[in-house]
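Only the coordinates and a few stated rules stand behind these numbers; no lab work does. Computed from a prediction, not measured in an experiment: that's the story for all the values here. Heads up, the Cβs are rebuilt from the backbone with ideal geometry, glycines too, and the neighbour counts pull from every protein chain shown.
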There are 2 protein chains.
Amino acid sequence: MSEYHPTKISKVKRAHERGHYDHETVHAVLDSSPFCHVAYVIDGQPYTTPTLKWRVGSTLFWHGSSASKMLRNQKSGARVCLTVTHFDGYVMARSPFHHSANYRSAMAFGTAHSIDDQAEKEAALHVMMEQLFAGRWDDVRSNTDQELKATTVLCMEIEEAAAKIRTGGPIDDEEDYDLGCWAGVIPIVATFGTPIDDDRLASGIEYPDYLKGLPGTSL
Amino acid sequence: MSEYHPTKISKVKRAHERGHYDHETVHAVLDSSPFCHVAYVIDGQPYTTPTLKWRVGSTLFWHGSSASKMLRNQKSGARVCLTVTHFDGYVMARSPFHHSANYRSAMAFGTAHSIDDQAEKEAALHVMMEQLFAGRWDDVRSNTDQELKATTVLCMEIEEAAAKIRTGGPIDDEEDYDLGCWAGVIPIVATFGTPIDDDRLASGIEYPDYLKGLPGTSL
């Protein structure tokens, strides 16, 4: 089984039994949401910024305006950490101490750089849209050269990565199971709501089949 | 109106019209989810770690095991960035370039330190539980001294902060409104699922009224 080699940076120390390094588990958590937080450092100050991401093999991609402070600061070899997290529920125990949360989280570490070749950039954006909304790319107009120039696409090879996952109910101290309080899990579930037509949508245009059953409903 | 003073660090540059600095807006976004990502730096490597947070005035708190690498590295004055994010929907435009996301995000910057006095620590944990699950603290057993020692609570004064918010439908180029593709917003909604009783819950214990109608359903 292929896996990321746990290092001083990526090794899960606290609750280490929740740590996973195999590609299958790490990639599954990374892929389970289109959104992430990216950490980076400017002049010693850490930042963590939410953004959309996508993955091909062991390469992660994110993008935005070429005017973005985050992207301008990352594009020439910045060290970054990209984290995808799902909070899946509150774990309600019989003591404050054993309250917890169920979650799936993956942290990936690497060095960011920009994709400067316009054809490669467009290919990466195409992959993003096909992964998110298969069929959308062909339904909308193409990018102009100017739009491509105004878009920065960053990528990083995953050098190290780990997933940390907690599932299941509370683990109480043995003597607490006789207490009279309720205990269990309150799940948190993310879903898609009913699509909202644009105010200027021409009459007769319906919500397309290719946007039904989108992946990534669990955010 | 009280507000955080925008600086080189916190000022929203890209899409600056989406930036907010007033306490009311920033605190509302910070409070709208119990979860956040905290960024910090160890040996030049940035990390962003998901955790639970709470707020009293302009002080943010987070906590965990005293064995946590993150907390041990932050507790003595580390610079941190704490970000709360909601992805509220996909914004589907008529060109790839104008696709976007609706979101609410707040970034807060400051210096972390630990609360070492045991009584202050317990008071902070009490506030957390009352904000999340009012009534729970009195329904479960108390913390032991050993449990309090095994818990690290960190806090930071918010030195700088900004919220960034996008709402509404796509903004397309004028000439694209005649294209025949669907455009609009696909909302993303987080809700609580049906509570799951612990496997070892004694018979006759029901889900308590004080846990019904929890705040923070929008994650």
Checklist entry - Under a point spin-label approximation (7 Å from Cα along Cα-to-Cβ), what is the B:ARG18-A:SER76 distance to one decimal in nm? => result 2.6 nm
Next on the checklist: List the GluC sites (Glu not before Pro) within the stretch A:143-219 that DSSP assigns to loop and that have no more than 16 neighbouring Cβ atoms inside 10 Å.
Outcome noted: A:GLU159, A:GLU206
Item to check | Amide H partners (placed H, <5 Å) of A:HIS63, local residues excluded | outcome: A:LEU52, A:LEU154
Item to check | Fluctuation leader among B:GLY44, B:GLY169, B:GLY77 - chain B, Gaussian network, Cα springs under 10 angstrom | outcome: B:GLY44
Item to check | 15 Å beta-carbon shell around A:PRO6, net charge (K/R +1, D/E -1) | outcome: +2
Next on the checklist: Using Cβ counts within 10 Å as a stand-in for footprinting exposure, how do A:SER10, A:SER66 rank, fewest first?
Outcome noted: A:SER66, A:SER10
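Can you compute the charge dipole magnitude of the stretch B:16-211 about its Cα centre, using +1 on each Lys and Arg Cβ and -1 on each Asp and Glu Cβ, nothing else charged? Give it in debye, rounded to the nearest 20.
Working: 16 positive and 29 negative charges, 140 e Å.
Here the stretch B:16-211 has a charge dipole of around 680 debye.
Taking a ≥ b ≥ c as the square roots of the eigenvalues of the Cα gyration tensor of the protein assembly as shown, is the shape rounded (a/c under 1.5), prolate (a/b larger than b/c) or oblate? Intermediate values should be presented prior to the final figure.
Values: a/c = 1.71, a/b = 1.49, b/c = 1.15.
Since a/c reaches 1.5 and a/b is larger than b/c, the shape of the protein assembly as shown is classed as prolate.
Given contacts defined as C-alpha pairs under 8 Å and at least six residues apart, what's the relative contact order of chain A, whole-number percent? Each step should come with its number before you reach the end.
Numbers: 393 pairs, mean separation 59.0, N = 219.
The value is 27 percent.
When a footprinting reagent is the concern and you count Cβ atoms within 10 Å, what order do A:LYS53, A:LYS13, B:LYS75 take, fewest first?
On the way: A:LYS53 23, A:LYS13 14, B:LYS75 19.
So the residues, fewest neighbours to most, are A:LYS13, B:LYS75, A:LYS53.
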Checklist entry - Say a label goes 7 Å from Cα toward Cβ at A:ARG14 in every copy; what distances in nm does this one have to the rest, shortest first? => result 3.1
Item to check | Cα-centre dipole for the stretch A:1-46 with unit charges at Cβ (Lys and Arg positive, Asp and Glu negative), debye to 20 | outcome: 300 debye
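Pairs to check: A:LYS11/B:LYS8; A:LYS149/B:LYS11; A:LYS11/B:LYS121; B:LYS75/B:LYS212. Give those whose C-alpha atoms are more than 32 Å from each other in this structure. The partial results should precede the final answer.
On the way: A:LYS11/B:LYS8 34 Å; A:LYS149/B:LYS11 24 Å; A:LYS11/B:LYS121 29 Å; B:LYS75/B:LYS212 35 Å.
The answer is A:LYS11/B:LYS8; B:LYS75/B:LYS212.
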Next on the checklist: Just want the answer: with Cβ charges of +1 for Lys and Arg and -1 for Asp and Glu, which residue in A:ALA150, B:ALA119, B:ASN73 is farthest toward the dipole's positive end in the protein assembly as shown?
Outcome noted: B:ASN73
Checklist entry - For A:HIS23, A:HIS16, what's the fewest-to-most ordering of other Cβ within 10 Å of each Cβ? => result A:HIS16, A:HIS23
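Work out, step by step, the length gained on full extension between A:HIS5 and A:THR167: first 0.36 nm times the residue separation, then minus their alpha carbon distance; give nm to one decimal. All intermediate terms of the calculation are to be shown ahead of the outcome.
Details: separation 162, 0.36 × 162 = 58.32 nm, distance 2.38 nm.
Gain on extension, A:HIS5 to A:THR167, equals 55.9 nm.
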Item to check | Extended-chain gain in nm, criterion 0.36 nm per residue less alpha-carbon gap, B:TYR210 and B:THR111 | outcome: 32.1 nm
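Calculated from DSSP H runs of 4 or more alone, at -39500 (n - 2.57) each and per residue, what is the 222 nm mean residue ellipticity of chain B, nearest 500? If you can, show how the numbers build up before the last one.
Numbers: 4 runs with 35 residues, N = 219.
After summing the helix terms and dividing by the residues of chain B, the value is -4500 deg cm²/dmol.
In debye to the nearest 20, how big a dipole does the protein assembly as shown give about its Cα centre with +1 on each Lys and Arg Cβ and -1 on each Asp and Glu Cβ? Provide the component values of the computation, followed by the final result.
Numbers: 42 positive and 60 negative charges, 266 e Å.
Dipole of the protein assembly as shown, to the nearest 20 debye: 1280 debye.
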Checklist entry - Put a point 7 Å out from Cα along the line to Cβ at B:GLN118; what are the distances to that point in the other copies, in nm, shortest first? => result 6.9
Checklist outcome for this item: Sorted shortest first, the nm distances from the B:GLU157 label point (7 Å along Cα→Cβ) to its counterparts in the other copies are 4.6
